[in-house]
Structure formats: C-alpha cells, structure tokens
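Worksheet for the structure shown next.
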Amino acid sequence: KSPTKSPTKSPTKSPTKSPTKSPTASPLSSPTSSPEASPPTTSNEEDPSSPEPYSLPTSWKIDSNWLSHEHHECEWYSTGFEQSGGTGVNSPPCIGGEMRNLKLTGNDLFGSLPKELALLTALERVELNGNRYLGGELPAEWAALSQLQVLDLGSTQVEGPLVESLLEALINVRQLRLNDAKLAGQIPTTIEKMSNLEVLDLANNPALSGPIPEELGYLFQLQVLILDNNSFTGPIPFTFRFLKSLRELFLTNNPYVNGKLDGFMLNGGWKDSLHEMRLYNNSLAGPLPTELGELTSLRKLDLSNNEFTNEIPTQLGAVPGIEEIILRGNQLVGGIPPELGSTLQESNFDFKVLDVSGNALTGTDTPIPTELARIPRLQELKIFDNPQFETLKKPKVSKFLCNRVTTQAFAMYTDCDVTPCKCCYCRRLNDETGEYVFDPPNDFLYG
C-alpha cells in the first residue's frame, strides 16, 4: 500500500514541531487513569512558559524525547517491528517523515486510549499491548486510521463494547488483538466489513457475550480465530464452513456454546487448511462427525469436556499428520476402534497422544487394540475413568504396548483397580486431599 497523506491533514510534516500542532503529546501520557490503577504523574512545573500543561510520562520504562516540543514525533521513542520473512531487520517507526508504526508494548503506559491518535492518519501498526494500566473504551475517532493493518491492545484494561462504526471503517486491518481485556457486549455484525482480517483474538473477555455472529464466517481471509474464555451462547455458526483459509480455531471455556459439530463441518472449505481445533469445555453435543477424517492438515484436536455421544469415528485414523486426539470427559461409548491404530501406524509417524479418559467406553473383546502398539511415536495413552472399560484384563495387550520397540518414552494412564502393567500410571483418590493422583509404575514389580 502507498498511503498518501494530504498536506492539509498532516500533523507531522514539519521537522520542527510546534507545540500547538502536536496531536499525540498529551494523550499517551494523560493522567486520566482507568479505575483500577493510578500510577504517579508529574506535572510540567519546571517550564511554566509551556503553552500546554503536559504531564510527563515519568512512569514509563522508556520515554526518550516524548512530549518534547524540540523533537518531531518521529524522534519520540517507539520500538521497531520485525519485517516479514524472519530477516531480523526492523522497520522504523516513521517512513517518509510520517509515523507509520507505533509500538509501545509493555512500556507501563497508563490512562485512557488517546482519541488523538486518529490525527496520525498514516499509521499502519499500533501495538500498545501489555500495558496493564492502559484502559478506557475504544475511541470511535480511530475510524480515521484507514491505513491501519495491525491493532494490538491485548493485556490492557480496554473496556466497553466493540464500536460498530470503528469495525466498519478499519477495512484494511489484518490483525486485531483485543485479548485479555474488559470488553463487554456482543460482537457487532459490522465485523463482516473487515474483509482483510487474518487474525482475530478476542480471548479472555468474560463480559463478551451473546451469540457468535454468522458474519464471522464471511471473513474469507481469516487464518486464526481465538474466542476462548468468554460468555458466548448458542451454536457455532454454520457459516464457519466458508473459512477456507482457517488454520487455528480456538473456542474453549464458553460453557453456553452448544449444538452439534456437523452443522459447520459439512463440506467445510477449511478441510485442507485447518491445523488445530480446540473446542474443549463447552456444551457441544451429538455424535462426532465422520467429516473429522477429512481434515487432512489437522495436527491437534481437542474436544474434551463436552457432551459428545456415540462411538469414536474410525475416520479419525485417516488424518495423515495428526499428533494429538483428546476426547476426554464426554459420553462416548464402545471401544477404541482398531482402524484408528492400523491407519495411524501406516500413515502417521508423529502421532503422540490419545486421550479417551472420562467417557463411557465399554470395549469387551479387545478394548485396547494391539494396532496402537505399532504407532512408532505414541507417548501417552489415557484410558482411566471409563467404569465399564475392561482395560488391561488381557495381559498380552498391555505387554505388547509396554514392550514395543520405540525410541519414545511411553506411558499408559489407567485406574488402579485394573490389572497393572510396567508402563501404567494408575489413578487413585488421595484420601487426605480428596484429589486424584497418579502412582508411577512399580519398578520392583516389573523390572
């Protein structure tokens, strides 16, 4: 992009900065603080002739040249940004005499978000994350930042609603990170206007609530979607199937998110792109869709602590590069399908963790298929808390698993009332603490 700035609007053209033209001198160090914190401020009493009563940022970690009338704002402190491609070369805060990149991450900023940043219309990146005393609502005036591509206000005290007009105007933003803050209300449907969005992180805003808008499914460039630890309700929108570029879907710890998975997974456009799907600690229900086996790029799947039913689909073994399958804490029945082990041993050399604990598995003949022992890098098999699961009553199964030839350490997590084995960590209730603990294998017993 080549942001062109009108001479009549530029607050940064003159290398010698006039006190009356400083758009950012006061706001970033305003003594107006968020309700939670009020770091000390220092008024500018040393220079009574100063035309503006600025408060110097004395609590900042680094404040070189900030609020100095003798220095152009391009000389004020701002860390550089590493350019794409991992070159290790940082792009400067200013380009062509205009502030493009403002990064003050973890610099002990305080006060409210300055609406006057809107005067720096050439800004492409604003990263103020990690400033725990910086708060206030998102300024609607920032809608003037039409060139903005990255906005990161994570780990701050930013509060209030997501401003509809702001989301509608910032159409060039590629990364929007507002995680670990105090946002409230619902996600506006106008977020659909942010058509260039690649990363959206709204995690850890407990007051962010309401249904997940289907308009998120029309952000066709979206690659990372993080909605953990909020208060969303209702099903996952069926429009998510249109997110053909999605690589990471994190929607955990939203206990009122419910419905079935197959609604948004059928003919999912992201079946060749999705690397990681974490949907644990929700209220999702119904059978696990066979379409999970079509996620050819999937590496990690965590569907734990929901209300899924029926048997584990054999198609899960068809995912060629999967590393972790975590299904604990559901209502799954049957056994571990032998097809899961046989397919994975043929096509996957990276599979490490299978966790089916805390279900209602009832395998009888070969509850643990011997095929699992042939998965070369399997490290953990968790099968405890399946009351009717005849886990290790077949000695040859446990012997085959524990004695397999592999360079990886292997551990099986079971309940202590089943037949022990030399690679089994057995779960028992600690009478003193009331918590479950795992006892390691008895080396004396098993050599």
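Quick notes on this one:
- Residue that is surrounded by the fewest Cβ atoms within 10 Å (Cβ to Cβ), among those in region 94-117 that are in contact with a Phe, Trp or Tyr (Cβ under 8 Å, 6 or more places away or on another chain) and without any contact (Cβ under 8 Å) to a residue 40 or more places away in the chain: LYS103
- Condition met for THR239 (among the β-branched types (Val, Ile, Thr) and either closer than 16 Å to THR190 by Cβ or assigned to a loop (DSSP other than H, G, I, E, B) (or both)): yes
- Selection within region 133-158 - part of a loop (DSSP other than H, G, I, E, B), over 15 Å from ALA184 (Cβ atoms) and in contact with a Lys or Arg (Cβ under 8 Å, 6 or more places away or on another chain): PRO139, GLN147, LEU148, GLN149, GLY154, SER155
- Here LEU153 fulfils each of the conditions (1) open to solvent by less than 30 Å² (accessible area, probe 1.4 Å); (2) touching a residue at least 40 places away in the same chain (Cβ under 8 Å); (3) over 21 Å from GLU192 (Cα atoms); (4) among the aliphatic types (A, V, I, L, M) apart from (3).
- Region 159-174, subset more than 20 Å from LEU225 (Cβ to Cβ) and assigned to a helix (DSSP H, G or I), residue most open to solvent (accessible area, probe 1.4 Å): SER165
- A single entry from ASN258, ASN267, ASN254, ASN282 fulfils the requirement of being open to solvent by 40 Å² or more (accessible area, probe 1.4 Å) and modelled with pLDDT of 95 or more: ASN258.
- Scanning region 236-255 for residues that are under 14 Å from the mean Cα position of the chain (by Cα) and among the polar types (S, T, N, Q), we see that the one that is nearest to ALA207 (Cα to Cα) is ASN254.
- Selection status of PRO188, open to solvent by 40 Å² or more (accessible area, probe 1.4 Å) and closer than 20 Å to LEU251 by Cα: no
- Just so you know, in region 192-209 the residues that are in contact with a helix residue (DSSP H, G or I) (Cβ under 9 Å, 6 or more places away or on another chain) and surrounded by 21 or more Cβ atoms within 10 Å (Cβ to Cβ) include one that is farthest from ASP152 (Cα to Cα), and it is MET194.
- Condition check for ILE226 on (1) farther than 24 Å from GLU116 by Cα; (2) of a type outside the set (Asp, Glu); (3) at pLDDT below 95: one failure, at (3).
- Among the residues making up region 348-366, a single one is modelled with pLDDT under 80 and in contact with a helix residue (DSSP H, G or I) (Cβ under 8 Å, 6 or more places away or on another chain): THR366.
The values are calculated or read from the model by the stated rules, or taken from the named source; none is laboratory data. Just so it is clear, the model here is predicted, and its values are computed rather than measured. Please note: Cβ atoms are built from the backbone with ideal geometry, for glycine as well, and neighbour counts cover all protein chains shown. Heads up: the accessible areas ignore ligands, DNA and RNA and are worked out on the full protein's heavy atoms, side chains in. Shrake-Rupley method; radii C 1.70, N 1.55, O 1.52, S 1.80 Å.
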